Each structure stands twice: as C-alpha cells, then as structure tokens.
Amino acid sequence: MQVIRSDIHRRHHCAELDGGKIIDSWEHPGRADMVDRATDEVDMAVSPPAVLDRRLLESVHDPGYLAFLETAWTRWVDAGHTTACAMAFTWPARRMTGPAPTTIDGLLGHHSFAADCSIGAHTWPAAAESAAIAQTAADRAVDAASAVFARCRPPGHHASRDQFGGYCYLNNAAVVAQRLRDRGHDKVAILDIDYHHGNGTQDIFYEREDVVFASLHADPRREFPYFLGHADETGRGDGAGANLNLPLPHGTGASDWLAALDTALGWITDAAPTAAVVSLGVDTYHDDPISRFTLATDDFPEVGRRLRRLPDPVVFVLEGGYATEQLGVNVVGVLRGFEPG
Ligand code: OKP
Ligand code: ZN
C-alpha cells in the first residue's frame, strides 16, 4: 500500500485544556513520527502531497471559516496577545443566537466547539498540508485503483463545515470522500473507527445521500464529543437513513467491537457505495491514555482483514491514537491486515 505524507505538520503542537489544566496537546508531532517509522519498516512506498485544490476545500468547508483559520494567528497577535496558542474562552450556548462576533477572541468561540484545541503560528499550514495529503491520497486511489494510506496530521474527523475542535481543523476524511465523488464515484462510504465519534464528518454529510457515514465510537453520553454521535441520529432530508451511529460503552473489548464493525460493514454493503474512506483512529487500544476501549495490538490485523469487505478503492485516513509507543505498530497492523505484503 502506498502512503502519502509530509513533514510540514512538525511545527504544529498546540495547547489544550485537559482536566482543568492547560497542557501540551496529546496530539503531538511524535505521533506521526511513530507511524512513519512503522510504515518505513514494512517498506510502504512514500509520496508527498500535491498542491491543495482550494475549490475542493471550499466544497466541504464554509469559505468564511477557511478565511478565519488562515488569518486567526495573525489576528491573535495583532490583538496584543503574547501566548503560543490562540484559545477560545466563550461559545454560543443554548438560546445565544445572535450574529457572529467581529473580533478574534469572539470568533475563536464562534468557530470552535471545544477547548482541547487551539491555533498557533503553524496550525494553518499544517492543517492545509494534512488536507492536501487527503486529496492526493484520493487521487492516487482513483488513478491506481488501489488502497492508499493518507498519513494526516493534524487529524480531521471532529472538524465540521465551520468549526474546529478535538484536535481537528480541516476534515481530511470529508476531503477524500468529496474528491472521490468529483472523480466519478456516485456513492462513497465513510467508515469511522476512531474511539471518538466523528461529529464533523457526520455534520458535513448529514443531509446528503451520496456520502454515507457509519461510526463506531464510545457512547457520547459519557465521552467526547458529548453532544453528537447518538444512535438516533440517522440523517436528514436527502440524507435520511444515510447515517449510522453505533455507540459502545466504556470498557468495550475486541469481540463486541468487532461485532459492531461487522454491523457497520453490512450496513455499508447494503448502501452499495463504489469507494470507501476509513477514518483510522487506533485510540481503541487498551493502553490509550485518553480512551476506554480494550483492543490489543494483536486485534488490529483482524480489523484490517474484516475491512476487505469495503468496496475498492479504499483510502485510509489517520485520525487519533495517543499511546505513542504502540501507535505505529497498531496502525500498520490494520493496513497490513487489509493488504498483506
Ligand atoms: C480526537 B480524536 C482529554 C481531552 C481529550 C478530546 C479528545 C479528542 C480526540 N481529557 N480531548 O478523535 O482522536
Ligand atoms: Zn479519537
């Protein structure tokens, strides 16, 4: 399997609010290093991303949001702030439906939903490069009619049309799905196997039938992102019936998780897509420091093997996984289980 990657991500490492403390984010450059080391060890062919197509990006994200992300750091500095990262501190809550604010401190809350994610000097270049990796992986998958791994960082599945959060700024899986649509696939499936619900991906495609979304994740009644990902969210309008959420309890282990995976794969087969995107998070691992499922390293090749039921081509997009030491081995376990050799 080919891998698309780049090193531009390296200078992006922001602060997050975690348990009442501001810490260096769990989502750090060393994660990508571990994945790169593991894919190099099995000799996966590596290519850099092509130039990002702005129109593609504007078909999954609000142009005003993109302009905000691109200028947020400069506006933060111009407002007199001296911190390493721009952080929101207030958000529109229930019944607060007024117009968008016009200053950077207000706009940060308008365009985000969580304080685990902030914006530094190098965040926009890193996020744009991550989306370019996604776009290039989709193109490569169509051209070669084979599976491709988009080693994205920062991740993307929590980013909605116009909000960042959960370490995500641009929705890389959505970029892949839209590119596959634009390159001739009439129906595309996104399967999200990260521990956390892909609220951003669900949001972007919630009213569309041409991109179906299925997600296995920790029950949002007890887990981030808390406010989306429930079983009764099945799509709206043209997208009615095109969204499947399979929330699972804390402590879920391999056998129950794999049974839910089979349910999602059956649902996707019934939808009859001609291409698939896998939001590949391995924070389902038992030693993950911020997650509570109990999959073992030996389980990930079996996950990959079961994913062979997806229609060709498949694009794997890296999402979460915070047990840094085992991250590369677990990701490559899925990729090699899917396509040995
Ligand atoms: C991003 B992805 C820990 C705060 C964690 C939310 C998790 C974001 C996960 N106390 N912040 O889906 O792996
Ligand atoms: Zn996650």
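The values are calculated or read from the model by the stated rules, or taken from the named source; none is laboratory data. None of these values were measured; they are calculated from a predicted model. Cβ atoms come from the backbone with ideal geometry, glycine included; neighbour counts cover every protein chain shown. Quick note on the areas: whole protein, heavy atoms, side chains included, nothing else; ligands and nucleic acids left out. Shrake-Rupley method; radii C 1.70, N 1.55, O 1.52, S 1.80 Å.
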Mind telling me which of the residues Thr274, Thr263 ends up being away from ligand 2 (no atom under 16 Å from the Cβ), touching an Asp or Glu at 6+ places or on another chain (Cβ under 7 Å) and farther than 20 Å from Arg221 by Cα? Thr274
Checked against (1) surrounded by 15 or more Cβ atoms within 10 Å (Cβ to Cβ); (2) more than 16 Å from ligand 2 (Cβ to nearest atom), Thr90 satisfies every condition except (1)
Sole exception among (1) over 20 Å from the mean Cα position of the chain (by Cα); (2) buried (at least 23 other Cβ atoms within 10 Å of the Cβ) for Leu295, by number: (1)
Would you mind stating whether Asp36 is open to solvent by less than 40 Å² (accessible area, probe 1.4 Å) and out of contact with any helix residue (DSSP H, G or I) (no Cβ under 7 Å at 6 or more places or on another chain)? yes
Could you please find all residues in the stretch 274-292 being buried (at least 23 other Cβ atoms within 10 Å of the Cβ) and either in a loop (DSSP other than H, G, I, E, B) or in contact with a Ser or Thr (Cβ under 6 Å, 6 or more places away or on another chain) (or both)? Gly281, Val282, Asp283, Thr284, Asp288, Ser291
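Conditions (1) out of contact with any strand residue (DSSP E or B) (no Cβ under 7 Å at 6 or more places or on another chain); (2) open to solvent by less than 10 Å² (accessible area, probe 1.4 Å); (3) within 16 Å of ligand 2 (Cβ to nearest atom), marked per residue:
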residue: Glu129; (1), (2), (3): yes, no, no
residue: Ala145; (1), (2), (3): yes, no, no
residue: Gly156; (1), (2), (3): no, yes, yes
residue: Gln163; (1), (2), (3): no, no, no
residue: Asn171; (1), (2), (3): yes, yes, yes
residue: Ala177; (1), (2), (3): no, yes, no
residue: Arg222; (1), (2), (3): yes, no, yes
residue: Phe227; (1), (2), (3): yes, no, yes
Scan the stretch 223-267 for residues that are over 16 Å from Ile204 (Cα atoms), over 19 Å from the mean Cα position of the chain (by Cα), in a loop (DSSP other than H, G, I, E, B) and not small (Gly, Ala, Ser) and jot them down. Asp232, Pro249, His250, Thr252
Do the conditions hold for Gly98, that is, is it open to solvent by 10 Å² or more (accessible area, probe 1.4 Å), closer than 19 Å to Tyr65 by Cα and small (Gly, Ala, Ser)? yes
Selection count, the stretch 52-86, where residues are out of contact with any helix residue (DSSP H, G or I) (no Cβ under 7 Å at 6 or more places or on another chain) and assigned to a loop (DSSP other than H, G, I, E, B): 8
Members of the stretch 112-133 that are under 17 Å from Gly198 (Cα atoms) and without any contact (Cβ under 8 Å) to a residue 60 or more places away in the chain: Ser112
All positions within the stretch 293-303 that are in contact with a helix residue (DSSP H, G or I) (Cβ under 7 Å, 6 or more places away or on another chain) and assigned to a helix (DSSP H, G or I): Thr297, Asp299, Phe300, Pro301, Glu302, Val303
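Conditions tested, residue by residue: (1) within 13 Å of ligand 1 (Cβ to nearest atom); (2) free of Cβ contacts under 8 Å to residues at least 40 places away in the same chain; (3) in a helix (DSSP H, G or I); (4) over 26 Å from Thr39 (Cα atoms).
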position	(1), (2), (3), (4)
Ser146	no, no, no, no
Gly156	yes, no, no, no
Arg179	no, no, yes, no
Asp186	no, no, no, yes
Ile190	no, no, no, no
Asp194	yes, no, no, no
Leu216	yes, no, no, no
Taking the condition of being under 29 Å from His28 (Cα atoms) and either open to solvent by less than 10 Å² (accessible area, probe 1.4 Å) or away from ligand 1 (no atom under 12 Å from the Cβ) (or both), how many residues in the stretch 196-214 meet it? 10
Anything in the stretch 266-299 that is out of contact with any Pro (no Cβ under 9 Å at 6 or more places or on another chain), of a type outside the set (Val, Ile, Thr) and more than 16 Å from ligand 1 (Cβ to nearest atom)? List them, or say none. Gly266, Trp267, Asp270, Ala271, Ala296, Asp298, Asp299
Could you grab me the full set of residues in the stretch 8-33 that are open to solvent by less than 30 Å² (accessible area, probe 1.4 Å) and part of a helix (DSSP H, G or I)? His9, Pro29, Gly30, Arg31, Ala32
A careful count of residues in the stretch 298-341 that are within 16 Å of ligand 2 (Cβ to nearest atom), open to solvent by 10 Å² or more (accessible area, probe 1.4 Å) and in contact with a strand residue (DSSP E or B) (Cβ under 8 Å, 6 or more places away or on another chain) gives 2
